[in-house]
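The values are calculated or read from the model by the stated rules, or taken from the named source; none is laboratory data. In this text the structure is predicted, and so the values were computed from the model without any measurement. Ideal geometry is used to build each Cβ from the backbone, glycine not excepted, and the neighbour counts take in all protein chains shown. Keep in mind that these areas ignore ligands, DNA and RNA; they rest on the heavy atoms of the full protein, side chains included. Shrake-Rupley method; radii C 1.70, N 1.55, O 1.52, S 1.80 Å.
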Amino acid sequence: MLQYLIVLLSDNAPSYCYYDNSKKGSKRLMSLDTLKKTICFAMKENLVIQYVFPENIVLPSKYNHIINSIDNHKITGCNSPYISNADIIICNTIDSLIGIKSDKPVVLRISKNNLFSNFDVLAKHLSLFSRLNIIITDIQTFTDKDYHIYQKGLEKIIDIIKNNKGIQFNLLTDRIQLDKMNNCSAGITNITIAPNGRFYLCPAFYNDDENSDIGNIENGVRIPNKNLLQLNYSPICRHCDCYQCKRCVWLNQRTTNEINTPSHQQCVTSHIERNSSLKLLLSLSTGISQKDINLFPINYLDPFEIRHEWDHDVLQEELIKFHKENY
């Protein structure tokens, strides 16, 4: 069931996920009329609004009153003039991250090589943030060598968190607290409305192709084959316990041409995080029994490797059900 409406106030709104914003040179704003209709839609559907503010643009004064006419969450870039009111701050470089002075959650979008080169810097400054989320923007390019480097880098962070137990770091601490999938859930719990007044599964789809909309503010939302977004119809993910994985449907489609099938790289990196979370948990706990936690050692890094262990009959039943419902 939908719970959140992500509102891109401008084409210049920063990315907070895997995609790079190809429209950031545009100064197109959502019109006041569309903004008012968007708020009305959110109220009727009982949705929480999450505004994504422009990066380097000051909105006309008329916008402020309308924006704050309903409770909302504000997402801004670290260079935004609205950063002082932000609920989530987005950074794209290590330098801009270190310059942040805020008790708000921070998202760092970073390439794998920049991350690998800066694990020591992150470890040194991690305690300055109430919460830090890392998004690796080129995760689809990981190689076997990269996986090893990634694992060693996370081990450096484990040592820091052991001595600063209040730290929240998505790659390590999220999985410890979860007992079910907590993914991006685009199209399930949240959808996006763009400056053009059209709905999208998430901002990435709008960025790639404006014609990939799932409806508009005048006629409402229509999501074709919505079942494909559900965990039950993801043959790999539903056998996985990497509950912290974003399970990004945009990245799935981009890398495997299937919206419900993740790439090998996305699976392996998520399992490295999962296993590192187990190491962190065991290092934090004294006298803890394995039966008291929902993490345990595994001998694979991609659920596809153990596909022969999946229940064939259950898979067949669900496949038949899907075809009956959709074809």
Open item on the list: Among the residues of region 256-269, what is the count of those that are touching a residue at least 60 places away in the same chain (Cβ under 8 Å), hydroxyl-bearing (Ser, Thr, Tyr) and closer than 18 Å to residue 187 by Cβ?
Closed with: 0
Task: Where residue 212 falls short, out of the listed (1) open to solvent by 20 Å² or more (accessible area, probe 1.4 Å); (2) under 30 Å from residue 278 (Cβ atoms) - done: (2)
Open item on the list: Name the single residue that is nearest to residue 99 (Cα to Cα) among those in region 63-79 being open to solvent by 80 Å² or more (accessible area, probe 1.4 Å) and either part of a loop (DSSP other than H, G, I, E, B) or in contact with a helix residue (DSSP H, G or I) (Cβ under 6 Å, 6 or more places away or on another chain) (or both).
Closed with: 79
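Can you tell me which of 167, 223, 217 is surrounded by fewer than 19 Cβ atoms within 10 Å (Cβ to Cβ), of a type in the set (A, V, I, L, M, F, W, C) and more than 17 Å from the chain's Cα centre (by Cα)? So that I can check it myself, show each step before the final result.
Values: 167 fails: surrounded by fewer than 19 Cβ atoms within 10 Å (Cβ to Cβ); 217 fails: surrounded by fewer than 19 Cβ atoms within 10 Å (Cβ to Cβ).
Criteria check complete, one pass: 223.
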TODO: Restricting attention to region 80-102, report how many residues are not in a helix (DSSP H, G or I) and not small (Gly, Ala, Ser).
DONE: 11
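Which of the residues belonging to region 103-137 are outside any helix (DSSP H, G or I), over 13 Å from the mean Cα position of the chain (by Cα) and surrounded by 15 or more Cβ atoms within 10 Å (Cβ to Cβ)? So that I can check it myself, show each step before the final result.
Taking region 103-137 and keeping what is outside any helix (DSSP H, G or I), we get 103-111, 118, 129-137.
Next, only the ones that are over 13 Å from the mean Cα position of the chain (by Cα) stay: 103-105, 110-111, 118, 129-131.
Selection gives 104, 105, 110, 118, 129, 131.
Among the candidates 201, 229, single out the residue that is surrounded by 15 or more Cβ atoms within 10 Å (Cβ to Cβ), closer than 23 Å to residue 34 by Cβ and under 15 Å from the mean Cα position of the chain (by Cα).
Values: 229 fails: closer than 23 Å to residue 34 by Cβ.
It is 201.
Can you find even one residue in region 29-45 that is among the small types (Gly, Ala, Ser), assigned to a helix (DSSP H, G or I), open to solvent by less than 70 Å² (accessible area, probe 1.4 Å) and in contact (Cβ under 8 Å) with a residue 12 or more places away in the chain? Step through it out loud before you land on a result.
Pass one, region 29-45, residues among the small types (Gly, Ala, Ser): 31, 42.
So of that shortlist, the ones also assigned to a helix (DSSP H, G or I) come out as 42.
So of that shortlist, the ones also open to solvent by less than 70 Å² (accessible area, probe 1.4 Å) come out as 42.
From the residues that got through so far, the ones that are in contact (Cβ under 8 Å) with a residue 12 or more places away in the chain too are 42.
There is at least one residue in region 29-45 that is among the small types (Gly, Ala, Ser), assigned to a helix (DSSP H, G or I), open to solvent by less than 70 Å² (accessible area, probe 1.4 Å) and in contact (Cβ under 8 Å) with a residue 12 or more places away in the chain.
Which of the residues belonging to region 187-231 are assigned to a strand (DSSP E or B) and charged (D, E, K, R)?
As a first pass, look at region 187-231 and keep what is assigned to a strand (DSSP E or B): 190-193, 198-200, 215-216, 220-221.
Within region 187-231, 198 is the sole residue that qualifies.
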- [ ] Provide a single number: the residues in region 20-36 that are out of contact with any Ser or Thr (no Cβ under 8 Å at 6 or more places or on another chain) and closer than 22 Å to residue 108 by Cα.
- [x] 4
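Determine whether residue 241 is acidic (Asp, Glu) and over 23 Å from residue 182 (Cα atoms).
Considered against the rule, which asks whether it is acidic (Asp, Glu) and over 23 Å from residue 182 (Cα atoms), residue 241 comes out as no.
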Open item on the list: One residue is enough: does region 150-164 have a residue meeting the conditions touching a residue at least 40 places away in the same chain (Cβ under 8 Å), among the hydroxyl-bearing types (Ser, Thr, Tyr) and touching a Lys or Arg at 6+ places or on another chain (Cβ under 9 Å)?
Closed with: yes
- [ ] Could you identify the single residue in 33, 103, 87, 95 that is touching a strand residue (DSSP E or B) at 6+ places or on another chain (Cβ under 8 Å) and among the acidic types (Asp, Glu)?
- [x] 87
Open item on the list: I'd like the full set of residues that are within 19 Å of residue 307 (Cα to Cα), of a type in the set (S, T, N, Q) and open to solvent by 30 Å² or more (accessible area, probe 1.4 Å), limited to region 236-266.
Closed with: 256, 261, 265
Task: Failed item, numbered, when residue 280 is tested on (1) at pLDDT 95 or above; (2) open to solvent by less than 40 Å² (accessible area, probe 1.4 Å) - done: (1)
Task: Criterion violated by residue 89 - all others in (1) touching a Ser or Thr at 6+ places or on another chain (Cβ under 7 Å); (2) closer than 19 Å to residue 153 by Cα; (3) surrounded by 21 or more Cβ atoms within 10 Å (Cβ to Cβ) satisfied - done: (2)
Task: In region 172-186, the residues that are open to solvent by less than 30 Å² (accessible area, probe 1.4 Å), among the polar types (S, T, N, Q) and either at pLDDT below 90 or part of a loop (DSSP other than H, G, I, E, B) (or both) - done: 183
Open item on the list: Being modelled with pLDDT of 85 or more, assigned to a helix (DSSP H, G or I) and either of a type in the set (Gly, Ala, Ser) or surrounded by 11 or more Cβ atoms within 10 Å (Cβ to Cβ) (or both): is that true of residue 269 here?
Closed with: yes
Task: Odd one out for residue 121 among (1) in contact (Cβ under 8 Å) with a residue 24 or more places away in the chain; (2) closer than 30 Å to residue 41 by Cα - done: (2)
